[in-house]
Amino acid sequence: MAIQPLDVFYLTVSEADISTAGSVYIVAPSDGKLLEAYSVIDGAIATAPAVVTVKINGTAVTGGTITITHTHPAPNLL
């Protein structure tokens, strides 16, 4: 089992409905660098893409926008 460095934190947040405008906040346990942000949904988005904007102290992170599409192409079936 790999040992995680003491200066690395994985923070998570849950949003009930990403189709509705809103905000959620995460408090980091210490100063540091934001290296990556990911999105996972559990359900369909019916009408329009949802956009998640990552911010630090109210300032948008460069390259920190995630667009979650509401449609996807049909699967390739053989």
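The values are calculated or read from the model by the stated rules, or taken from the named source; none is laboratory data. Here the structure is a predicted model, which is why all the values come from computation and not from measurement. Methodologically, a virtual Cβ is constructed for each residue, glycine included, from the backbone with ideal geometry; neighbour enumeration extends over all protein chains shown.
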- Query: How many of the residues making up the stretch 3-62 are among the polar types (S, T, N, Q), in contact with a Ser or Thr (Cβ under 8 Å, 6 or more places away or on another chain) and at pLDDT below 85?
  - Reply: 2
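So, Ala46, is that one within 14 Å of Ile66 (Cα to Cα) and in a loop (DSSP other than H, G, I, E, B) or not?
no
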- Among the residues of the stretch 14-54, which ones are in contact with a Phe, Trp or Tyr (Cβ under 8 Å, 6 or more places away or on another chain) and loosely packed, with under 10 Cβ neighbours inside 10 Å? Pro29, Ser30
- Query: Residues of the stretch 26-37 being more than 17 Å from Thr62 (Cβ to Cβ) and not charged (D, E, K, R), which ones?
  - Reply: Ile26, Val27, Ala28, Pro29, Ser30
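Suppose the filter is within 12 Å of the chain's Cα centre (by Cα) and part of a loop (DSSP other than H, G, I, E, B); does Val8 pass it?
Details: within 12 Å of the chain's Cα centre (by Cα): no; part of a loop (DSSP other than H, G, I, E, B): yes.
No: the conditions fail for Val8.
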- Task: Sort out which residues of the stretch 49-64 are within 23 Å of Asp7 (Cα to Cα) and either in contact with a Gly (Cβ under 9 Å, 6 or more places away or on another chain) or part of a loop (DSSP other than H, G, I, E, B) (or both), and write them in order of number.
- Result: Val54, Lys55, Ile56, Asn57
- Total residues in the stretch 6-28, condition more than 15 Å from Thr53 (Cα to Cα), without any contact (Cβ under 8 Å) to a residue 24 or more places away in the chain and touching a Gly at 6+ places or on another chain (Cβ under 8 Å): 1
- Take Tyr38 and decide whether it is farther than 20 Å from Thr71 by Cα, in a loop (DSSP other than H, G, I, E, B), among the aromatic types (Phe, Trp, Tyr) and within 12 Å of the chain's Cα centre (by Cα). no
- Task: Mind listing whichever residues of the stretch 41-61 are of a type in the set (A, V, I, L, M), within 18 Å of Ser14 (Cβ to Cβ) and under 13 Å from the mean Cα position of the chain (by Cα)?
- Result: Ile41, Ala50, Val51, Val52, Val54
- Which residues, taken from the stretch 55-66, are within 15 Å of Gly22 (Cα to Cα) and exposed (fewer than 10 other Cβ atoms within 10 Å of the Cβ)? Gly58
